[in-house]
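For reference, the structure is listed below as structure tokens.
The values are calculated or read from the model by the stated rules, or taken from the named source; none is laboratory data. These numbers were taken from a predicted model, which means no experiment stands behind them. Please note: Cβ atoms are built from the backbone with ideal geometry, for glycine as well, and neighbour counts cover all protein chains shown. For accessibility, only protein heavy atoms count, side chains too; no ligands or nucleic acids. Shrake-Rupley method; radii C 1.70, N 1.55, O 1.52, S 1.80 Å.
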Amino acid sequence: MTAGPSTRLIKADSEAVAAAARCLAAGGLVAFPTETVYGLGADAQDGIAVARLYDAKGRPAFNPLIAHVPDLKAARELAAFDATAGRLAAAFWPGPITLVLPKAPGCTVAELATAGLDSIAVRVPDHPVARDILAAFGRPVVAPSANRSGHVSPTTAQHVLADLRGRIDLIVDGGATPVGVESTIVACLGEPVLLRPGGVPRAAVEQVLGQALGDAPIETADEGEAPLAPGQLASHYAPRSRLRLDATSVSAGEALLAFGAQAPAGSEPVRMLNLSARSDLIEAAANLFSHLRALDAAGATAIAVMPVPHEGLGEAINDRLKRAAAPRP
Ligand code: TXA
Ligand code: MG
């Protein structure tokens, strides 16, 4: 790893909020308190900042992130609310519930932040510091829990510092978080489904909806569980095209997902996109899902993917490529 940023820890006040907004606007990483746990924030629209965020967390895979917004109006710009979602937002926002919804047509959140999915997780936090930062920044902020991958979620600024010192730019210290567990996640992509229990009890959600919630627990990679088998999770983006990994040449009819400056041998690809011509893994991560989507639409027989090194974010990139290449039912 290269030497990271030097991490500043500052007490939450109006100065700190302004500094956080400036840092986010500059593509930086800012940890801040929400009512549930501390989040590690990045500008949701900045793919490079989002790639840096995954890198700082040391995530072995790209889990989709929650977009934090100040109110329902801002959430509606990112996601499509059905009647169920509208009722949950009215009942619990601001507060510790996250809704997974279809992406709105004009959704500006970086493809990497939603891990290439057509759905997006949105949340309106109920903590004065989080709300002030969102208001000052004026754009959506993606924020996973501010811990290293495999560690538990942080509820104090000291926890964040212990995990992420030297890997992020700023920690805004707003004391211990009141709820202490992550938000409840409910998917409204059809019948409502509980993806993760959390700060709002299941019974409270069911009471508002007047119906029982289905169950479809999501992978919680942060808690160090064994990763599920490729294709097992509906929450993984899968291209329709076949992927041919570690390709050093192109066959007739193939599209090419390149990496680095070297041109592979063989045929002229149907279409070519480069993850990073200068072999920068942060840039490659930021481009991964949008490039896969574009090549998937090229009508090729397969997508040949050049080798990507396994260090740093390369591990997560290779994880996603392997899942995308796995045979599907
Ligand atoms: O309380 C919380 O929700 C905290 C604070 C910081 O807001 N955030 C948090 O984020 O717990 P994170 O990244 O640690 O957990 C988000 C979970 C992940 O398990 C991810 O897989 C899931 O939300 N998720 C996000 N977008 C999704 C989507 N489109 N479909 C299914 N699951 C999604
Ligand atoms: Mg987490």
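In table form, for the structure just shown:
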read-out	value
Every residue from region 280-301 that is surrounded by 16 or more Cβ atoms within 10 Å (Cβ to Cβ), of a type outside the set (A, V, I, L, M) and not in a helix (DSSP H, G or I)	ASP280
Residue list for region 302-329, filter: more than 23 Å from ASP46 (Cα to Cα), touching a residue at least 60 places away in the same chain (Cβ under 8 Å) and not in a helix (DSSP H, G or I)	ALA302, ILE303, ALA304, VAL305, MET306, PRO307, ALA326, PRO327, ARG328, PRO329
Hey, THR108 more than 16 Å from ligand 2 (Cβ to nearest atom) and of a type in the set (Ser, Thr, Tyr) or not	yes
Residue tally, condition closer than 27 Å to LEU117 by Cβ and open to solvent by 50 Å² or more (accessible area, probe 1.4 Å), over region 239-276	8
Subset of region 290-308 that is out of contact with any Ser or Thr (no Cβ under 8 Å at 6 or more places or on another chain) and over 15 Å from GLU254 (Cβ atoms) - its residue that is modelled with the highest pLDDT	VAL308
Residue that is farthest from ASP118 (Cα to Cα), among those in region 58-84 that are at pLDDT 95 or above and under 13 Å from the mean Cα position of the chain (by Cα)	HIS68
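Residue-by-condition table, conditions (1) in contact (Cβ under 8 Å) with a residue 24 or more places away in the chain; (2) surrounded by fewer than 19 Cβ atoms within 10 Å (Cβ to Cβ); (3) among the hydroxyl-bearing types (Ser, Thr, Tyr):
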| site | (1), (2), (3) |
| --- | --- |
| PRO140 | yes, no, no |
| HIS159 | yes, no, no |
| GLY166 | yes, yes, no |
| ILE171 | yes, no, no |
| GLY174 | yes, no, no |
| GLY180 | yes, yes, no |
| VAL193 | no, yes, no |
| VAL200 | yes, no, no |
